[in-house]
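Data first, discussion second: the structure below is written as structure tokens.
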Amino acid sequence: MPQQRSIRCVLMRGGTSRGLYVMRDELPKDPALMDRVILAMYGSPDIRQIDGIGGADALTSKLAIIGPPTREDADVDYTFGQVSITAPYVDFVGNCGNISAGVGPFAIDEGLVDDVEPTTTVRIHQTNTHSIIVAQIPVSDGEAVVAGDYRIDGVPGTGAKIGLDFSDTAGAVTGQILPTGSARDTLDVEGVGEVEVSIVDAGNPVVFLYASRFGLQGTESPADIDADTQLLDTMERVRGHAAKLVGMVEDWRDAAGSSPYVPFIALVGPSQGYVSFGSGEAVSSSQVDFVSRLLFMLRMHKAYPITGTVCTGAAAMIPGTIVQEVADLSPGPHVVRIGHPSGVVDVEAEVDVGSSEPVLRRAAVGRTARRIMEGHIFVPEHIFVE
């Protein structure tokens, strides 16, 4: 009997996240066993993830499971998993837009999709949200191009630009872009009081709050937010009550355990200057339309998730939302500029608000991605027989 089993995988950076990309047939079919194997791959639960590939950070504890398409209008299937660091749990609710950026290059380099120069279109069936992401991948000599002059804040250097269109992801988790049917709601949060929110679902559901409601500017650093345990508890209470309101949980207290990944929480404020957390460079108020600090997995994102970017851009285009108010944008299509801890992220956003429910017409972003390592990860044999 071998003491360990090997699983072929590729370690990739997608946008501002990193994770393993694994073919579906490399993992066990039984869901409970698959979760155990994935946790062992990442070394979870353990705050250092010392016995696995995880980097002790939610942004590096991500997983892409890839397989042949199960929809006729797709080229490849992609399932996202957020691996918990502190609990024996893999969250398959929602998607990661940054990890999505690596799916097209992975599919091309693995021969899952025929390459077409200079740009290959890859239609990705995102199975968590039952939607199609359209990726435009630069290709040369049969491989996805890595080098380029496109820069994204939160990642050093530059790379080849990958275009991603998330316009099919409205209502990704809840079924509606405005899950409550309203651009604003007031939550009566236990231990906090009344909190005004905008809940929007595009890419992933996000609960938007005024940063000022909690004595914040919206320019705080991840260290500032993560060190404030009382604020984090308050945010989780708000998130739990919002999750209950949209039917994701029956009791708000269950959100941390049964759906820790989504909905996200975003604290927004008007445009203002601040210093980038990652580079130390100054971001001026003229570079952004508004500022936002987003929390997921009970911690603050060090940059900004792409599904959160899609949702925030959509929210900025919907009259009456908190985001639309602080952004103060004119109607119509826009390149929405979001100020986040590591800099600025842009999203092309267009929402048709002429019908009874807003319709997401465009939600396009640019990313970069890079294959870092490929080979086999080893999982102890006892994990498979427990």
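The values are calculated or read from the model by the stated rules, or taken from the named source; none is laboratory data. These numbers come from a predicted model, not from an experiment. Cβ: placed from backbone, ideal geometry, glycine included. Neighbour counts: every protein chain shown.
Listed conditions (1) of a type outside the set (Val, Ile, Thr); (2) touching a Lys or Arg at 6+ places or on another chain (Cβ under 7 Å); (3) under 15 Å from residue 207 (Cα atoms); (4) part of a loop (DSSP other than H, G, I, E, B) are all met by residue 277, apart from (3). Within the stretch 356-373, the set of residues being under 24 Å from residue 335 (Cβ atoms) and of a type in the set (A, V, I, L, M, F, W, C) comprises 359, 360, 363, 364, 365, 369.
The residue list 137, 152 contains one member that is assigned to a loop (DSSP other than H, G, I, E, B), among the β-branched types (Val, Ile, Thr) and surrounded by 20 or more Cβ atoms within 10 Å (Cβ to Cβ), which is 152.
Among the candidates 289, 251, 228, 233, the residue that is modelled with pLDDT of 95 or more, within 26 Å of residue 364 (Cβ to Cβ) and more than 20 Å from the chain's Cα centre (by Cα) is uniquely 289. Every condition in (1) in contact with a strand residue (DSSP E or B) (Cβ under 9 Å, 6 or more places away or on another chain); (2) under 22 Å from residue 263 (Cβ atoms) holds for residue 85 except the one numbered (1). Criterion applied to 200, 262, 206, 238 was being touching a residue at least 12 places away in the same chain (Cβ under 8 Å), among the β-branched types (Val, Ile, Thr) and either assigned to a helix (DSSP H, G or I) or surrounded by fewer than 19 Cβ atoms within 10 Å (Cβ to Cβ) (or both), and the one residue passing it is 238. For the stretch 224-274, the set of residues classified as among the hydroxyl-bearing types (Ser, Thr, Tyr) and under 14 Å from residue 187 (Cβ atoms) consists of 234 only.
Of all the listed residues (321, 307), the sole one being within 17 Å of residue 164 (Cβ to Cβ) and assigned by TED's automatic domain parsing to the domain that holds residue 226 is 307. Within the stretch 175-198, one or more residues are in the same structural domain as residue 317 (by TED's automatic domain parsing) and under 19 Å from the mean Cα position of the chain (by Cα).
For the stretch 216-227, the criterion of being buried (at least 16 other Cβ atoms within 10 Å of the Cβ), free of Cβ contacts under 8 Å to residues at least 60 places away in the same chain and in contact with a Ser or Thr (Cβ under 9 Å, 6 or more places away or on another chain) is satisfied by no residue at all. Residues in the stretch 294-342 that are small (Gly, Ala, Ser) and closer than 24 Å to residue 228 by Cα: 303, 308, 339, 342.
What do you reckon, is residue 39 outside any loop (DSSP other than H, G, I, E, B), touching a helix residue (DSSP H, G or I) at 6+ places or on another chain (Cβ under 8 Å) and not assigned by TED's automatic domain parsing to the domain that holds residue 307? In short, no.
Candidates are the residues of the stretch 277-304 that are under 20 Å from residue 210 (Cβ atoms) and touching a Gly at 6+ places or on another chain (Cβ under 7 Å); the one that is surrounded by the most Cβ atoms within 10 Å (Cβ to Cβ) is 292.
The number of residues in the stretch 25-47 being under 22 Å from residue 113 (Cβ atoms) and either crowded, with 16+ Cβ neighbours inside 10 Å or hydrophobic (A, V, I, L, M, F, W, C) (or both) comes to 2.
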